Amino acid sequence: MRWRVGLIDSGAAAAGVVRAARFAADGARADGAGPDPTGHGTRVAALLRGAAPDIELVLAQVFAAGGPTSAAAVAAAIDWCVAEGAQLVHLSLGLAADRAPLAEAVARAVGAGRLVVAATPARGPAVYPAAYPGVIRATGDARCAPDEISRLAAATFGGCVRTATGAGQGASVGAAAVSRALLAAIAPGSPYALALQALGARARYDGPERRRRAAPRERGDP
């Protein structure tokens with residue numbers, strides 16, 4: 001069984017896209033996706049496919065021409081990804097405001113046994129959907145080299161903040177690195193608790209990033 005991943009982003013010029021749709025600010029859906037206006041989604045897709053080149057991508061385009069998205073668009077995109085059979089929904093994005101439609105869409109995805117990975121800033125106020133229960137929160141961690149992740153808290157993980165080309169940096173790239181590690185660590189359909197356990201076992205660092213570089217966690221540590 002191969003992974004089917006729902007990618008909610010700016011689009012993606014990537015292989016492996018089996019379904020695509022675009023979502024307007026009011027949540028209305030149209031089949032197909034336009035060009036990726038920023039290249040962000042394309043970079044995220046490349047990171048995800050680096051762990052599992054045969055994954056099927058269900059692409060939900062929620063950014064148009066590089067402008068902002070909305071909670072209604074992201075909520076509709078989550079529901080659509082779940083309906084299209086995505087076992088993991090990845091969002092390298094975060095919205096500042098808590099909105100009921102978004103919370104309800106995440107709750108439906110989590111209740112259906114789907115894994116949801118969402119970006120959160122390393123510091124600062126909470127963002128959504130990362131702050132909702134059952135979501136795996138992911139950010140950038142400057143300690144991490146490519147293919148390394150860190151466990152920052154029980155359900156919060158960090159990943160390398162740089163792509164191989166240096167084209168993208170920060171929490172959104174770190175979040176993609178966390179999902180990439182997850183795709184390599186567990187089988188499709190694995191439950192949330194197993195996902196957290198697998199990510200914790202793969203973590204090179206344990207605990208928050210400090211100003212001074214921390215020593216890597218030894219594998220024998222508790």
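Read-outs throughout are calculated quantities, based only on the coordinates presented, and are distinct from any laboratory measurement. Because the structure is predicted, anything quoted here is derived from the model rather than measured. Cβ coordinates were reconstructed from backbone atoms using ideal geometry, including for glycine residues, and neighbour counts include every protein chain displayed.
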(message) Once you place label points 7 Å from the Cα toward the Cβ at R99 and A154, how far apart are they in nm?
(response) 2.9
(message) Can you give the FRET efficiency to the nearest 0.05 for A65 and D147, using r as the Cβ-Cβ distance and R₀ = 35 Å?
(response) 0.55
(request) Along each of the three principal axes of the Cα atoms of the range 4-206, give the extent in whole Å, ordering the values from largest to smallest. (result) 42, 35, 33
(request) Return one number: the angle in degrees, 0 to 90 and rounded to the nearest 10, between the long axis of the Cα atoms of helix 100-111 and the longest principal axis of the Cα atoms of the chain. (result) 60
(message) Please list the three semi-axes, largest first and in whole Å, of the ellipsoid equivalent to the range 28-113, using sqrt of 5 times the eigenvalues of its alpha carbon gyration tensor.
(response) 20, 18, 12
(request) Add +1 for every Lys or Arg and -1 for every Asp or Glu among the other residues with Cβ under 14 Å from the Cβ of E56, and state the total. (result) +2
